[in-house]
Amino acid sequence: MKIFTALFSGILFGLGLSVAQMTDPLKVLSFLDITGNWDPSLALVMASALLINIPASMYILRQSKPVYGHKFHIPVYKLIDLKLVAGSVLFGIGWGLSGYCPGPIVTNIGAGSETVFWMFGSYAVGTILVVKLTDLLPRWRLARSIEGTV
Amino acid sequence: MENFTPISALAGGTMLGLATALLLWSNGRVAGISGIFSGLFVHGRSDWAWRAVFLIGLVIGGLIHQSMLPPEVTLDIDVVKPDVALLVVSGLLVGVGVTLGAGCTSGHGICGLSRFSPRSIVATILFMITAMLTVFIVAL
């Protein structure tokens, strides 16, 4: 059952990104371009997602466990460390260069364009590099093991 | 602001909120795309099946949307002029950044903010500001 709910959630998420036009990098870039011809649409995407997810999370996390699972896997790592800061800054630069963040990179695979090929390939390489580096560093591994990954 | 599309933004955002709530309610999992993806490569984890299925779902969702569009509408998923070097640099920065920072627009920006997580608030402010600054500098 868990597999079906994961599939359905994934489909709905991919559909949501497409309907919101977050899969269009130019749309994303025009949201980030606050001093140019600014398009506030993506602020509304985030606001409406939060409007649903804030009360939903509050209600769901008051339950003792998820419907099909024995516990909630919520990050408990609390430290605001250099890794979080540096990672978020690097991600922001990468996002601003192309208008592509991970959700749209994966969702657009089906379109099979050259842009998606290069974006997905390099995104995967970057991810695997840090996962393997984390395996080598005890402190990073510890942070990950207490579910520091979102 | 003539390119403002509030209706599709609200409709899409609502679907993202519902998809995220569903995954937490049913599976007890955070719908952060970068975390779901990077978890596939962590040695010794046996929970790859739901991760792979969720990511395949994303692709199916994109294809369903594509199939619903009238044939004369072409999908805008490419940057105007695909510049391979720029795409590779961008993809590497995104991959390294979200994995180091343990989250992206969905994991920190939707899931983390919904729980008022201080780490996610800091991360979201940082990647929003640096992305806007990057766009500003590139446009100069």
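The values are calculated or read from the model by the stated rules, or taken from the named source; none is laboratory data. Predicted model, so just to flag it, every value in this text is computed and none were measured. Neighbour counts run over all protein chains shown; Cβ positions are idealised from the backbone, glycine included. What goes into the accessible areas is simple: the full protein's heavy atoms, side chains included, and nothing from ligands, DNA or RNA. Shrake-Rupley method; radii C 1.70, N 1.55, O 1.52, S 1.80 Å.
Charged side chains reduced to their Cβ positions (Lys and Arg at +1, Asp and Glu at -1) give segment A:2-149 a dipole of some 800 debye around its Cα centre.
Does chain B come out rounded, prolate or oblate by the C-alpha gyration tensor, with a ≥ b ≥ c the root eigenvalues, rounded set by a/c under 1.5 and, if not, prolate when a/b is larger than b/c and oblate if not? If you can, show how the numbers build up before the last one.
Working: a/c = 1.38, a/b = 1.15, b/c = 1.20.
Rounded.
Think of it as helices only: each DSSP H run of n ≥ 4 in the protein assembly as shown is worth -39500 (n - 2.57), and spread over all residues that comes to -21500 deg cm²/dmol at 222 nm. Within chain A, the selection of entire DSSP H helices by a Cα span of 15 Å or greater along the long axis and an average Kyte-Doolittle value of at least 0.0 returns A:2-19, A:41-60, A:82-98, A:114-136.
Given a 1.4 angstrom probe, I'd like the percentage of the accessible area of segment A:2-149 that is carbon and sulfur, rounded to a whole number.
Working: 4670 of 6450 Å².
Accessible surface attributable to carbon and sulfur in segment A:2-149 totals 72 percent.
Given R0 = 35 Å, the distance between the Cβ atoms of A:E114 and A:V76 translates into a calculated FRET efficiency of 0.30.
Give me the number: length gained by fully extending B:F4 to B:I129, i.e. 0.36 nm times residue separation minus the C-alpha to C-alpha distance, one decimal in nm.
Working: separation 125, 0.36 × 125 = 45.00 nm, distance 2.07 nm.
Result for the pair: 42.9 nm of gain on full extension.
Would you list which lysines come within 28 Å of A:K65, measuring only between C-alpha atoms, while excluding same-chain residues fewer than 8 positions from it? Cross-link targets: A:K2, A:K78.
Over segment A:2-149, what is the mean sequence separation of C-alpha contacts under 8 Å (at least six apart), divided by residue count, expressed as relative contact order in percent?
28 percent
Between A:T5, A:N37, A:A86, the Cα set farthest toward the positive side of the dipole of chain A (charges on each charged residue's Cβ, about the Cα centre) is that of A:T5. Between B:R115 and B:A49, the modelled labels are 2.5 nm apart [label points 7 Å from Cα along Cα→Cβ]. Please compute P(r) over all alpha-carbon pairs of segment A:2-149, binned at 10 Å starting from zero, and give each bin as a whole-number percent. Result returned by the calculation: 9, 28, 38, 24, 2.
Where does the protein assembly as shown land on Rg(C-alpha)/(2.2 N^0.38 Å)? Show your work: numbers first, answer last.
Working: Rg = 17.4 Å, N = 290, 2.2 N^0.38 = 19.0 Å.
Against the empirical 2.2 N^0.38 Å value, I get 0.92 for the protein assembly as shown.
Accessible surface buried at the B:A interface totals approximately 10000 Å², computed with a 1.4 Å probe on protein heavy atoms.
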